[in-house]
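Some notes on the structure that comes next.
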Amino acid sequence: MVVTSPCVDPAVLRLLDANLDRAREGLRVAEDWARFGLNRRDLVAALKDLRQQLGSCHLPSYRQARHTASDSAAGLGHPAQAQRLDSQAVVAANCARAQEALRVLEEFGRASNPGLAAVAEACRYRLYDLETQLLADQSRVERLAAARLYLITAEVPHLLEVVEQALKAGVKLVQHRSKSTNDLQRYQEALALRQLCNRYGALFIVNDRLDIALAVDADGVHLGQTDLPPAMARRLLGPDRLIGQSSHCLEDLKRAQAAGCNYVGVGPIYATPTKPGRQPVGFDYLRIAAANAQVPFFCIGGLDASNLQPVLAEAGATAGFAVVRAVMEAADPAAATKELLELIAND
């Protein structure tokens with residue numbers, strides 16, 4: 001319970017009031033960026049919780065002590081404020097503003113309101129972690145949003161040659177999926193593919209295996225519903241890398257988004273031998289996903305040039321499309337890739 005000691009200096013009451021306002025305002029700026037700029041529901045929830053904790057500490061006696069007319073620094077600005085020309089600078093400045101205000105609340109709250117001081121300290125340390133995610137490198141996220149064709153590898157002869165043909169034809173997002181090789185072979189394949197993707201400026205994702213993704217410095221990892229939870233993967237990968245997760249129903253989609261996944265797979269749309277025993281979700285779930293997705297989503301499952309058109313019509317102009325056999329087993333992988341890219345571009 002937060003209780004102010006009696007007979008507190010009115011100047012301290014005004015100071016606590018001002019810094020509670022300052023901290024909550026800074027947090028709100030960060031929260032709105034997490035919501036509208038990053039589509040990170042997990043960050044929105046965490047920042048909102050900090051604001052609510054501080055709001056419960058904002059006592060009536062603090063508000064009643066306000067006296068703006070006697071505040072000689074009211075409205076005082078600084079030229080540096082005009083230099084915040086991009087969203088990253090705005091978010092960084094407001095995180096710093098909130099952190100500084102929280103430190104003031106700690107220092108001046110200890111004597112008069114130890115409960116407030118403890119809440120401010122806990123919020124400040126939590127905000128340090130959240131700031132790292134708010135200011136993470138967004139270049140991968142932006143490249144992901146622009147990549148509408150997602151190539152997932154299969155175990156085929158001449159794997160590197162096939163993938164390189166697809167990269168030359170314009171693929172900008174590749175996932176290494178290997179089910180039968182041993183760990184050393186998986187690592188060696190992933191490393192070679194990572195180097196190949198670097199050469200062509202494509203994002204490289206590793207399926208399932210977080211350890212291999214870290215070992216080869218991949219751009220991210222793709223998780224199934226029975227793999228490591230996305231929140232744990234985020235702790236290990238850090239804020240800058242991509243996390244995707246397969247989804248087969250609306251509940252899967254909502255959980256993935258709430259966990260901070262950067263994208264979701266939607267499917268299988270059609271039956272596919274790459275997922276034996278998995279019943280296709282068809283167009284019903286595709287329509288639901290298109291209406292509810294707040295992050296990029298990729299339709300997957302048996303897609304190729306012959307059946308892509310109706311999926312394009314249902315998925316919408318911003319959806320992505322993941323293919324395996326349509327490219328990996330094509331007689332001419334480059335031509336198959338170009339045909340798919342043209343179909344998507346002309347949608």
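Out of the residues in the stretch 171-195 meeting the condition of being part of a loop (DSSP other than H, G, I, E, B) and farther than 17 Å from R140 by Cα, tell me which one is least open to solvent (accessible area, probe 1.4 Å).
In this case the residue turns out to be S178.
Taking the condition in contact (Cβ under 8 Å) with a residue 60 or more places away in the chain, out of contact with any Gly (no Cβ under 8 Å at 6 or more places or on another chain) and either closer than 27 Å to V156 by Cα or open to solvent by 10 Å² or more (accessible area, probe 1.4 Å) (or both), does A305 pass?
No.
Quick grid of which residues meet (1) in a loop (DSSP other than H, G, I, E, B); (2) in contact with a strand residue (DSSP E or B) (Cβ under 8 Å, 6 or more places away or on another chain); (3) modelled with pLDDT of 95 or more:
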{"residue": "A34", "(1), (2), (3)": "no, no, no"}
{"residue": "A74", "(1), (2), (3)": "yes, no, no"}
{"residue": "C95", "(1), (2), (3)": "no, no, yes"}
{"residue": "V104", "(1), (2), (3)": "no, no, yes"}
{"residue": "R110", "(1), (2), (3)": "no, no, no"}
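State whether the residues of the stretch 168-180 include one that is touching an Asp or Glu at 6+ places or on another chain (Cβ under 7 Å) and among the polar types (S, T, N, Q).
yes
Just for helices (runs of 4 or more DSSP H) wholly inside the stretch 207-278: which have at least 2 residues that are open to solvent by 20 Å² or more (accessible area, probe 1.4 Å), of a type in the set (D, E, K, R) and over 21 Å from Y150 (Cα atoms)?
230-237, 250-258
Determine whether R24 is at pLDDT 80 or above, within 25 Å of the chain's Cα centre (by Cα) and of a type in the set (K, R).
The answer is yes for R24.
Looking at the structure I just gave you, is P296 within 30 Å of K168 (Cα to Cα) and in contact (Cβ under 8 Å) with a residue 60 or more places away in the chain?
Criteria met by P296.
Considering only the stretch 317-338, state which residues are open to solvent by 20 Å² or more (accessible area, probe 1.4 Å), at pLDDT 95 or above and part of a loop (DSSP other than H, G, I, E, B).
Once the filter is applied, which keeps residues that are open to solvent by 20 Å² or more (accessible area, probe 1.4 Å), at pLDDT 95 or above and part of a loop (DSSP other than H, G, I, E, B), the stretch 317-338 yields E329, A330, A331, D332.
Would you tally the residues in the stretch 209-259 being charged (D, E, K, R) and under 25 Å from N198 (Cα atoms)?
8
Could you go through the stretch 279-289 and let me know if any residue there is open to solvent by less than 40 Å² (accessible area, probe 1.4 Å) and among the β-branched types (V, I, T).
Yes, the stretch 279-289 contains a residue that is open to solvent by less than 40 Å² (accessible area, probe 1.4 Å) and among the β-branched types (V, I, T).
Scan the stretch 90-117 residue by residue and report those that are of a type in the set (G, A, S) and more than 17 Å from R28 (Cβ to Cβ). Steps first, answer last, please.
Of all residues in the stretch 90-117, those of a type in the set (G, A, S) come to 92-93, 96, 98, 101, 109, 111-112, 115, 117.
Of everything in the stretch 90-117, those that are of a type in the set (G, A, S) and more than 17 Å from R28 (Cβ to Cβ) turn out to be G109, A111, S112, G115, A117.
(1) part of a helix (DSSP H, G or I); (2) surrounded by fewer than 22 Cβ atoms within 10 Å (Cβ to Cβ): which one isn't true of A154, the others all being true?
Answer for A154: the failing condition is (1).
Which members of the stretch 196-229 meet the condition of being in contact (Cβ under 8 Å) with a residue 24 or more places away in the chain, touching a Gly at 6+ places or on another chain (Cβ under 9 Å) and closer than 15 Å to R140 by Cβ?
Once the filter is applied, which keeps residues that are in contact (Cβ under 8 Å) with a residue 24 or more places away in the chain, touching a Gly at 6+ places or on another chain (Cβ under 9 Å) and closer than 15 Å to R140 by Cβ, the stretch 196-229 yields L203, F204, I205, V206, A213, G220, H222.
Is it the case that the stretch 41-48 has a residue that's modelled with pLDDT of 95 or more and out of contact with any Pro (no Cβ under 8 Å at 6 or more places or on another chain)?
Start the filter on the stretch 41-48 by keeping residues that are modelled with pLDDT of 95 or more, which leaves 47-48.
After this cut, where a residue has to be out of contact with any Pro (no Cβ under 8 Å at 6 or more places or on another chain) as well, the list is 47-48.
For the stretch 41-48, residues modelled with pLDDT of 95 or more and out of contact with any Pro (no Cβ under 8 Å at 6 or more places or on another chain): present.
Do we find that L173 is more than 14 Å from A147 (Cα to Cα) and at pLDDT 95 or above in this structure?
no
Return the residue satisfying two criteria in turn: it lies in the stretch 4-13 and is surrounded by fewer than 19 Cβ atoms within 10 Å (Cβ to Cβ) and in a helix (DSSP H, G or I), and of such residues it is modelled with the highest pLDDT.
Residue satisfying both the conditions and the ranking: V12.
If we keep just the residues of the stretch 49-63 that are of a type in the set (S, T, Y) and out of contact with any Asp or Glu (no Cβ under 7 Å at 6 or more places or on another chain), which is farthest from G26 (Cα to Cα)?
S61
The values are calculated or read from the model by the stated rules, or taken from the named source; none is laboratory data. Treat the numbers as computed from the prediction; the structure is a model and nothing was measured. Note that each Cβ is placed from the backbone with ideal geometry, even for glycine, and that neighbours are counted across all protein chains shown. Keep in mind that these areas ignore ligands, DNA and RNA; they rest on the heavy atoms of the full protein, side chains included. Shrake-Rupley method; radii C 1.70, N 1.55, O 1.52, S 1.80 Å.
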